[in-house]
Amino acid sequence: MNTQANYVLTLSCGDRKGIVAAVANSIASQNCNICESAQYGDPEADRFFMRVSFNAPEGMSKEKFEEGFGPVATGYGFDWQVHDLSKKPRVLVLVSQMGHCLNDLLYRNSTGQLRMDLVAVASNHTKYQSRVEHEQIPFHYLPVTKETKAEQEAQILDLVERENIDLVVLARYMQILSNDLCEKLAGKVINIHHSFLPSFIGAKPYHRAHARGVKMVGATAHYVTADLDEGPIIEQDVSRVEHFHSVNELIAQGRDTESQVLARAVRYHLEHRILLNGDRTVIFK
């Protein structure tokens with residue numbers, strides 16, 4: 001049997017005995033083979049989380065598997081999804097005038113490091129139009145002012161719906177999404193920001209951090225919610241700062257960290273490795 005996974009099953013439910021056995025037996029009963037399995041029981045929330053990747057015999061569709069798995073899911077009260085790995089998630093990237101995260105995603109996309117279909121890039125500036133179009137990816141210029149914000153967000157939402165976008169990546173997109181857009185795209189938007197929040201809010205945070213003599217820089221990737229920069233955290237990392245680093249070296253170091261953290265967060269999402277646990281995440285790496 002081919003060991004390459006065809007599907008990923010993710011689920012959560014109230015914790016109880018027998019869940020792993022029931023899931024494995026249901027998968028095996030449909031002549032499917034488990035390739036990877038991970039689970040976690042949260043003792044504080046008394047909730048169980050599981051991710052299983054498996055291959056299926058010829059003729060097995062997602063719908064057919066779901067039908068066979070349904071009785072187990074109902075019996076245990078699963079909140080569950082089955083993901084067909086033959087279909088790459090469709091991704092939209094939003095960017096403003098800092099291109100380090102965009103360039104990193106474009107490179108990883110071109111080399112096949114991220115299992116996605118990068119459908120389009122949109123920006124409120126034209127700075128990276130030629131860079132994006134060089135990769136033969138459609139570029140959408142969506143300028144915005146305070147007065148036109150609602151109209152511009154309607155254009156973004158229209159693009160998401162028209163292109164059947166599964167994930168929106170804010171690759172240093174320097175516009176705050178409205179509460180309405182956050183709600184409509186809940187669980188489908190990943191943002192990246194530096195780790196100096198809330199200490200250095202606003203313009204030139206690296207300059208102020210350098211003046212303060214910080215000893216590390218970092219980045220946080222999270223799902224976007226109406227609470228600014230407080231959505232469920234997906235990935236974080238830091239790197240050390242030495243006393244001899246200039247502010248420009250600090251900025252470069254921070255941008256490298258941002259790019260790496262965002263890429264990992266996007267990969268976890270694309271591979272269906274993230275399960276929400278209230279305001280937190282469970283990530284099966």
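Quick one: which residue in Ala226, Ala219, Ala211 is within 19 Å of Asp104 (Cα to Cα) and among the hydrophobic types (A, V, I, L, M, F, W, C)?
From the options Ala226, Ala219, Ala211, the qualifying one is Ala219.
Suppose we filter Thr148, Thr111, Thr126 for residues that are modelled with pLDDT of 95 or more and either within 25 Å of Ala265 (Cβ to Cβ) or in contact with a Gly (Cβ under 9 Å, 6 or more places away or on another chain) (or both); which single one remains?
On inspection, the qualifying residue turns out to be Thr111.
Count, please, the residues in the stretch 84-102 that happen to be under 17 Å from the mean Cα position of the chain (by Cα) and assigned to a helix (DSSP H, G or I).
2
Could you tell me which residue of the stretch 165-181 is most open to solvent (accessible area, probe 1.4 Å), considering only residues that are of a type in the set (D, E, K, R) and in a loop (DSSP other than H, G, I, E, B)?
Asp166
Between a residue in the stretch 144-160 that is more than 11 Å from Asn124 (Cα to Cα) and any residue that is open to solvent by less than 50 Å² (accessible area, probe 1.4 Å) and acidic (Asp, Glu), which pairs come within a Cβ distance under 9 Å, given they are 6 or more apart or on different chains?
Nothing qualifies.
Open to solvent by less than 60 Å² (accessible area, probe 1.4 Å), among the β-branched types (Val, Ile, Thr), at pLDDT 95 or above and in a strand (DSSP E or B), is that true of Val119?
Here the answer is yes, as Val119 does meet what is asked.
Does the stretch 237-252 contain at least one residue that is more than 25 Å from Gln175 (Cα to Cα), among the hydrophobic types (A, V, I, L, M, F, W, C) and either in contact with an Asp or Glu (Cβ under 6 Å, 6 or more places away or on another chain) or open to solvent by 30 Å² or more (accessible area, probe 1.4 Å) (or both)?
Scanning the stretch 237-252 turns up at least one residue that is more than 25 Å from Gln175 (Cα to Cα), among the hydrophobic types (A, V, I, L, M, F, W, C) and either in contact with an Asp or Glu (Cβ under 6 Å, 6 or more places away or on another chain) or open to solvent by 30 Å² or more (accessible area, probe 1.4 Å) (or both).
Considering only the stretch 210-228, state which residues are among the charged types (D, E, K, R) and either surrounded by 15 or more Cβ atoms within 10 Å (Cβ to Cβ) or over 13 Å from Ser195 (Cα atoms) (or both).
Listed by number, the residues that qualify are Arg212, Asp227.
Considering the stretch 122-164 alone, what residues qualify as being over 20 Å from Cys101 (Cα atoms), assigned to a loop (DSSP other than H, G, I, E, B), among the charged types (D, E, K, R) and more than 22 Å from the chain's Cα centre (by Cα)?
Lys146, Glu147
Which members of the stretch 88-116 meet the condition of being closer than 12 Å to Val169 by Cα and open to solvent by 30 Å² or more (accessible area, probe 1.4 Å)?
Across the stretch 88-116, the qualifying residue is only Arg90.
One line per residue, one yes/no per condition, for (1) surrounded by fewer than 12 Cβ atoms within 10 Å (Cβ to Cβ); (2) in a loop (DSSP other than H, G, I, E, B); (3) small (Gly, Ala, Ser):
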position	(1), (2), (3)
Gln4	yes, yes, no
Val8	no, no, no
Ser12	no, no, yes
Ala22	no, no, yes
Ala28	no, no, yes
Ser37	no, no, yes
Tyr40	no, no, no
Phe49	no, no, no
Ser53	no, no, yes
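Please specify each residue of the stretch 247-259 satisfying the condition of being without any contact (Cβ under 8 Å) to a residue 24 or more places away in the chain and either of a type in the set (S, T, N, Q) or assigned to a loop (DSSP other than H, G, I, E, B) (or both). Reasoning before the result, please.
Step one: filter the stretch 247-259 for residues without any contact (Cβ under 8 Å) to a residue 24 or more places away in the chain, giving 248-249, 252.
Once the filter is applied, which keeps residues that are without any contact (Cβ under 8 Å) to a residue 24 or more places away in the chain and either of a type in the set (S, T, N, Q) or assigned to a loop (DSSP other than H, G, I, E, B) (or both), the stretch 247-259 yields only Asn248.
So which of Leu167, Leu157, Leu181 is at pLDDT 95 or above and in contact with a Pro (Cβ under 7 Å, 6 or more places away or on another chain)?
Details: Leu157 fails: in contact with a Pro (Cβ under 7 Å, 6 or more places away or on another chain); Leu181 fails: in contact with a Pro (Cβ under 7 Å, 6 or more places away or on another chain).
Among Leu167, Leu157, Leu181, only Leu167 is at pLDDT 95 or above and in contact with a Pro (Cβ under 7 Å, 6 or more places away or on another chain).
The values are calculated or read from the model by the stated rules, or taken from the named source; none is laboratory data. Values in this document were obtained by computation on a predicted structure and should not be read as measured data. Don't worry about glycine lacking a Cβ; one is built from the backbone with ideal geometry, like all the others, and counts go over all protein chains shown. Just the protein is used for accessible areas: all its heavy atoms, side chains included, with ligands, DNA and RNA removed. Shrake-Rupley method; radii C 1.70, N 1.55, O 1.52, S 1.80 Å.
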